[in-house]
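The values are calculated or read from the model by the stated rules, or taken from the named source; none is laboratory data. These numbers were taken from a predicted model, which means no experiment stands behind them. Every residue, glycine among them, receives a Cβ derived from its backbone with ideal geometry; neighbour counts consider all protein chains shown. Calculation scope for accessible area: heavy atoms of the full protein, side chains included, ligands and nucleic acids excluded. Shrake-Rupley method; radii C 1.70, N 1.55, O 1.52, S 1.80 Å.
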Amino acid sequence: MSEKITFVVYARIGPSRNEEKIEIDKAEYESLEDKDVYLQELINSYLPDLVDSGIYIEE
């Protein structure tokens with residue numbers, strides 16, 4: 001069984017905090033050339049699911 005790393009992507013709005021846990025293979029992560037790019041891609045992938053956003057006209 002391979003060792004895993006758990007990343008937590010979170011979004012905080014005021015006192016509320018939503019998070020998503022992502023488990024990946026440690027060896028896969030260690031072999032990455034640019035870890036910062038990978039982490040940013042995780043944030044970009046999961047953030048839309050964590051934050052409900054939109055716009056409306058108030059009448």
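Figures for the structure shown
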{"item": "Residue-count net charge about ILE5 - beta-carbon cut-off 10 Å; Lys, Arg +1, Asp, Glu -1", "result": "-3"}
{"item": "Value of relative contact order over the chain, rounded to a whole percent, pairs C-alpha under 8 Å and six or more apart", "result": "34"}
{"item": "Gaussian network model of the chain, springs between alpha carbon atoms under 10 Å - residue of GLU20, GLU30, GLU41 with greatest fluctuation", "result": "GLU30"}
{"item": "GNM flexibility winner over the chain from SER31, SER16, SER45 (Cα, springs under 10 Å)", "result": "SER16"}
{"item": "Dipole moment magnitude, nearest 20 debye, the chain about Cα centre, only Lys, Arg, Asp, Glu C-beta charged", "result": "260"}
{"item": "Label-point separation in nm, LEU39 to GLU59, each point 7 Å along Cα→Cβ", "result": "4.7"}
{"item": "ASP52, ASP25, ranked by accessible area, largest first (probe 1.4 Å)", "result": "ASP52, ASP25"}
{"item": "Amide N proximity, segment 1-23 versus GLU30 label position 7 Å along Cα-to-Cβ, cut-off under 19 Å", "result": "1-7, 23"}
{"item": "Value of [θ]222 nm, deg cm²/dmol, for the chain, DSSP H segments ≥ 4, -39500 (n - 2.57) each, nearest 500", "result": "-10500 deg cm²/dmol"}
{"item": "Choice from ILE13, ILE24, ILE43 showing the highest fluctuation, given a GNM over the chain with Cα pairs closer than 10 Å", "result": "ILE13"}
{"item": "Set of segment 21-59 residues, backbone N closer than 13 Å to the point 7 Å along the Cα-Cβ line of GLU3", "result": "25-31"}
